[in-house]
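Undergrad: Structure incoming, see below.
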Amino acid sequence: MQEFRFDDRHVTWQRVQPIDAQVYVLAMDAALGIADVLIRFEPDRPGRLHRHVCDFSTFVVQGELRFWRPDGSLREIRPTGSHVRVAAHGEPHAEGAGSQAAIVLFSFRGSTGDMILYLGEGSEVVFRLGFPEFEAVLAQQVATGATAKLAPRLVPAG
């Protein structure tokens, strides 16, 4: 399989320890409850079991995004370039990368609260990730100058 590498030299990743992944917040809109977030998954490492509590879409920018069922069996592999829209409250699963680090654009929709609930062995919620946490990451990016490296630009129509 041909590998495609995304040039992330200007992305200042922030590790979210409880989920063992790195994130970079691209944009947020509190009025619409939207958070657009790049998530980088390390190679050959399933993430933590979780469930999404808001609608979202994914676009695989680099590598492949793998999904595992709660029993640990592989459910699905999405290759580079895959775009999928998903409704809230699907079955719990874990996400991670294949043999190459995966970089995935997640666009979370319609929530200014929790977006993802991470689950313990008894299916209890052990960590929440949502709008407030992504706002904190974005604030840290602004404070450190990380957003200036990828400053959004408005492109004139036409």
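Undergrad: Residues to consider are Glu121, Glu76; find the one that is closer than 19 Å to Pro18 by Cβ and not hydrophobic (A, V, I, L, M, F, W, C).
TA: Glu121
Undergrad: If Ala31 satisfies all but one of (1) surrounded by 12 or more Cβ atoms within 10 Å (Cβ to Cβ); (2) hydrophobic (A, V, I, L, M, F, W, C); (3) without any contact (Cβ under 8 Å) to a residue 60 or more places away in the chain, what's the number of the condition it fails?
TA: So the condition that Ala31 fails would be (1).
Undergrad: Can you go through Val126, Val84 and tell me which one is touching a residue at least 24 places away in the same chain (Cβ under 8 Å), surrounded by fewer than 17 Cβ atoms within 10 Å (Cβ to Cβ) and in contact with a Gly (Cβ under 6 Å, 6 or more places away or on another chain)?
TA: It is Val126.
Undergrad: Is it the case, given these coordinates, that Ala97 is surrounded by 19 or more Cβ atoms within 10 Å (Cβ to Cβ) and either without any contact (Cβ under 8 Å) to a residue 60 or more places away in the chain or touching an Asp or Glu at 6+ places or on another chain (Cβ under 8 Å) (or both)?
TA: yes
Undergrad: In addition: Considering only segment 105-150, state which residues are polar (S, T, N, Q) and in a strand (DSSP E or B).
TA: Residue satisfying the conditions is Ser107 alone.
Undergrad: Next up: When you go through Asp36, Asp29, Asp55 one by one, which is the residue that is touching a Lys or Arg at 6+ places or on another chain (Cβ under 7 Å), at pLDDT 95 or above, closer than 21 Å to Pro132 by Cβ and among the charged types (D, E, K, R)?
TA: Going through Asp36, Asp29, Asp55 in turn, the sole match is Asp55.
Undergrad: From the residues in segment 22-54 that are in contact with a Phe, Trp or Tyr (Cβ under 6 Å, 6 or more places away or on another chain) and assigned to a loop (DSSP other than H, G, I, E, B), which one is nearest to Leu150 (Cα to Cα)?
TA: Checking each candidate, the answer is Cys54.
The values are calculated or read from the model by the stated rules, or taken from the named source; none is laboratory data. A quick note: this is a predicted structure, and the numbers were derived from the prediction, not measured. Positions of Cβ are generated from backbone atoms using ideal geometry, with glycine treated the same way; all protein chains shown enter the neighbour counts.
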